[in-house]
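The values are calculated or read from the model by the stated rules, or taken from the named source; none is laboratory data. Note that this is a predicted model, so its numbers are computed, not measured. Heads up, the Cβs are rebuilt from the backbone with ideal geometry, glycines too, and the neighbour counts pull from every protein chain shown. Areas reflect the complete protein model, heavy atoms only, side chains present, ligands, DNA and RNA absent. Shrake-Rupley method; radii C 1.70, N 1.55, O 1.52, S 1.80 Å.
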Amino acid sequence: MSAEATAPGKIILFGEHSVVYKGPAILLAVDRRATVTASRRDDKRIYIDSEDLGFSGYFDDGEYTAVTGKEWRGRNMMALAVATRKVMAHLGVDAGVNLKVRSMIPIAVGLGSSAAVCVATTAAVGELFDGNLTKEKISELSFEGEKVIHGNPSGADNSIATYGGIMRYERGEGLKRLRLENALPFVIGNTRRKRSTRNMVEGVKVLKDRNPEVVDPIIYTMAGLSQTGLDALLRGDKHKLGDLMNINHGLLSAIGVSTIELDDLVYAARQEGALGAKLTGAGGGGCMIALAEEENLSNIEKSIRASRGQSMRVNVTDEGVKTRKIENGDS
Ligand code: PMV
């Protein structure tokens, strides 16, 4: 017998960078998911097998032994082992587990891949040991894994991967969950350039400290835009949403977090009729998103690929973490 859990990735619609200082960030869960299958072992080890993330290896008393993996992803591996141990400690279980990790979410480009994998791991291990974990508990325990990867994350990524839907996050106010009535399609354009969120946030701080009289009002405008954007999203006003995405991209460029590759994909999408297009997440590489009417989506995807980007069509999803038991013989 084994247990399987899946959890969604995310995009940031508005508020990246400004949320560090002021106002809300608006996060949307998307229907690209990570899947983790957990099964029991005869020994006390944790074995993680992840073709998609490019590694597999054992954890034994905190020691890690790589079996395969060209790229060293120690922290990601450790995060899953930590989440697994936290679940077992919570349930009072002392056992070994095999984790098979599969993900349709590209890594390290701001789409919430690590949070989705951590949440799915936590939920799968909980289900394996009949833990009946609530969503709140899954989010809380998976956050322990996220901390291994990101140091001091806001908690927004593991929350959106747990609950799905829309989330408003503001420092000091925390998270508020919202639901979207209608499906909303986006095209994601991935520059495939990995970047560090930490370095991008630091770069904005340096610019802001040197030019507060200019950068502070930009941050202030982005904070207001983010709240206005949430209102437009909840009303389903696509045209206003598109306008605000375009303006937001300009402001993010002004604070130095866009790149020529991101700009290329943004303009390629707009040329094919996107209502709005902007970078999403920390910038410096990673991804952009475009909102469009259904009939333009295919051409936007083509133009992103023609501009050397990887394109993905996604829908906002209300479906958060999902868990099921797999009896022997099932798949
Ligand atoms: O690219 P991501 O998903 O790591 O998003 C970063 C969002 C920032 O606002 C740039 C940083 C943060 O901690 O909020």
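Whole Å is fine, so just give me how far the alpha carbon centre of segment 155-224 lies from that of segment 6-28.
For segment 155-224 versus segment 6-28, the Cα centre distance is 3 Å.
Using alpha carbons only, how many degrees (0 to 90, rounded to 10) separate the axis of helix 212-235 from the longest principal axis of the chain?
70 degrees
Quick one: work out the % antiparallel among DSSP beta bridges in the chain, nearest 5.
The answer is about 95 percent antiparallel.
I need the phi-derived Karplus couplings for segment 237-252: 6.51 cos²θ - 1.76 cosθ + 1.60, θ = phi - 60°, integer Hz, Gly and Pro marked x.
Karplus values, whole Hz, x for Gly and Pro: 8, 5, 5, 5, 4, x, 4, 5, 5, 5, 5, 4, 4, x, 5, 5.
Pick from 94, 318, 243: which is most flexible by mean-square fluctuation in a GNM of the chain where alpha carbon atoms under 10 Å apart are linked?
Highest fluctuation among the options: 94.
Please identify the GluC sites (Glu not before Pro) of segment 163-226 that satisfy two criteria: DSSP loop assignment and at most 11 other Cβ atoms within 10 Å. Which are they?
Here the sparse-neighbourhood loop sites are 173, 181.
Sorting check: for 129-139, 113-123, 3-13, which peptide has the highest mean count of neighbouring beta carbons within 10 Å, and how do the rest follow?
So the peptides 129-139, 113-123, 3-13, ranked by packing, come out 113-123, 3-13, 129-139.
Where the accessible area of segment 185-315 is counted over protein heavy atoms with a 1.4 Å probe, how much of it, in %, is carbon and sulfur?
That fraction is 50 percent.
Who wins for biggest fluctuation among 192, 33, 235 in a Gaussian network model of the chain, springs between alpha carbons below 10 Å?
Top of the fluctuation ranking is 235.
So what is the relative contact order for segment 173-331, in percent, with contacts set as C-alpha pairs under 8 Å and at least six apart?
Value for segment 173-331: 35 percent.
Under the Karplus relation 6.51 cos²θ - 1.76 cosθ + 1.60, θ = phi - 60°, what is the ordered set of whole-Hz ³J(HN,Hα) values for segment 200-205, x standing for Gly and Pro?
Whole-Hz 3J(HN,Hα) from phi for segment 200-205: 5, 5, 5, x, 5, 5.
Taking each pair of different alpha-carbon atoms in segment 2-179 once, compute 1/r for the pair, average those values, and report the inverse of that mean as the Kirkwood hydrodynamic radius in Å to one decimal.
Answer for segment 2-179: a Kirkwood hydrodynamic radius of 16.1 Å.
Considering only DSSP states other than H, G, I, E and B, which chymotrypsin sites (Phe, Trp or Tyr not before Pro) in segment 1-110 qualify as loop sites with at most 13 other Cβ atoms within 10 Å?
Those that pass, being in a loop and sparsely packed, are 72.
Per the helix-only calculation at 222 nm, which mean residue ellipticity applies to the chain, given -39500 (n - 2.57) for every DSSP H run of n ≥ 4 and division by its residues, nearest 500 deg cm²/dmol?
Computed ellipticity for the chain at 222 nm equals -13500 deg cm²/dmol.
Quick one: which residues, 5 or more positions from residue 104 or on another chain, have an amide H under 5 Å from its amide H? H modelled 1.01 Å from N in the peptide plane, none for Pro or chain starts.
33, 34, 35
Could you list which residues have their amide H under 5 Å from that of residue 317, counting only those 5 or more apart in sequence or on another chain, with H placed in the peptide plane?
29, 30, 31, 165
Could you state how much accessible area residue 78 has, in square angstrom rounded to the nearest 10, with a 1.4 Å probe and all protein chains kept in place?
70 Å²
Step through the table entries 135/278; 176/325; 22/176; 194/302, compare each Cα-Cα distance with 20 Å, and write down the pairs that go over it.
Beyond 20 Å between Cα atoms: 135/278; 176/325; 194/302.
Given Cα pairs under 8 Å that are at least 6 residues apart, what percent is the relative contact order of segment 1-120?
Averaging sequence separation for qualifying contacts and normalising by length gives 34 percent for segment 1-120.
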